[in-house]
Amino acid sequence: MKSNPNSVSDYINSFPPETRILLEKIRNIVLNTAPDAAESLAYGMPAFKTFGKPLVYFAAYKNHIGLYATPSGHSKFEKELSIYKQGKGSVQFPLDKPLPLDLITKIVEFRKSENETKFKK
């Protein structure tokens with residue numbers, strides 16, 4: 001990965017083609033689910049906000065893609081995510097297994113709804 005990407009596209013394009021495809025799939029899920037989300041880089045990774053508050057982040061690593069949907073986004077889907085390695089507010093999807101696109105969509109939908117409830121004025 002390029003050490004200082006200037007945009008989400010720059011970040012994604014810094015990875016090998018197989019990883020780029022997966023990152024674009026996640027990006028498209030976020031943008032299709034939350035079309036008003038602001039896209040930026042934060043903590044060196046793609047970040048999306050609604051109502052000025054974090055929605056989700058994601059990042060690629062050597063062996064996995066990390067999804068960061070705050071602790072609430074992960075606790076809500078605790079059972080579905082239990083088969084993946086996790087940390088507080090993060091989950092790791094192995095690069096050698098199919099991405100759970102439907103689950104990622106549900107997580108983003110949940111986080112969008114959560115932000116709307118908490119922060120929409």
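The values are calculated or read from the model by the stated rules, or taken from the named source; none is laboratory data. Keep in mind that this is a model prediction, so the values were computed, not measured. Cβ placement follows ideal geometry from the backbone for every residue including glycine, while neighbour counts extend to all protein chains displayed.
Would it be correct to say that residue 70 is more than 14 Å from residue 104 (Cβ to Cβ), buried (at least 18 other Cβ atoms within 10 Å of the Cβ) and more than 13 Å from the chain's Cα centre (by Cα)? Answer is no for this residue.
For the stretch 24-43, a tally of residues being at pLDDT below 95 and in contact with a Pro (Cβ under 7 Å, 6 or more places away or on another chain) returns 0. Close contacts from the stretch 93-105, counting a first residue that is among the β-branched types (Val, Ile, Thr) and a second that is assigned to a helix (DSSP H, G or I), with Cβ to Cβ under 9 Å and a gap of 6+ residues or different chains, come to 104/25; 104/26; 104/29; 104/30; 105/29; 105/32; 105/33.
Remark: residue 87 falls outside the filter, which requires a residue to be surrounded by 12 or more Cβ atoms within 10 Å (Cβ to Cβ) and not basic (Lys, Arg).
Within the stretch 33-60, the set of residues being closer than 21 Å to residue 74 by Cβ, out of contact with any strand residue (DSSP E or B) (no Cβ under 6 Å at 6 or more places or on another chain) and not hydroxyl-bearing (Ser, Thr, Tyr) comprises 42, 44, 51, 53, 54, 60. Among the residues examined, residue 37 qualifies as in contact with a Leu (Cβ under 9 Å, 6 or more places away or on another chain), surrounded by 19 or more Cβ atoms within 10 Å (Cβ to Cβ) and more than 18 Å from residue 92 (Cβ to Cβ).
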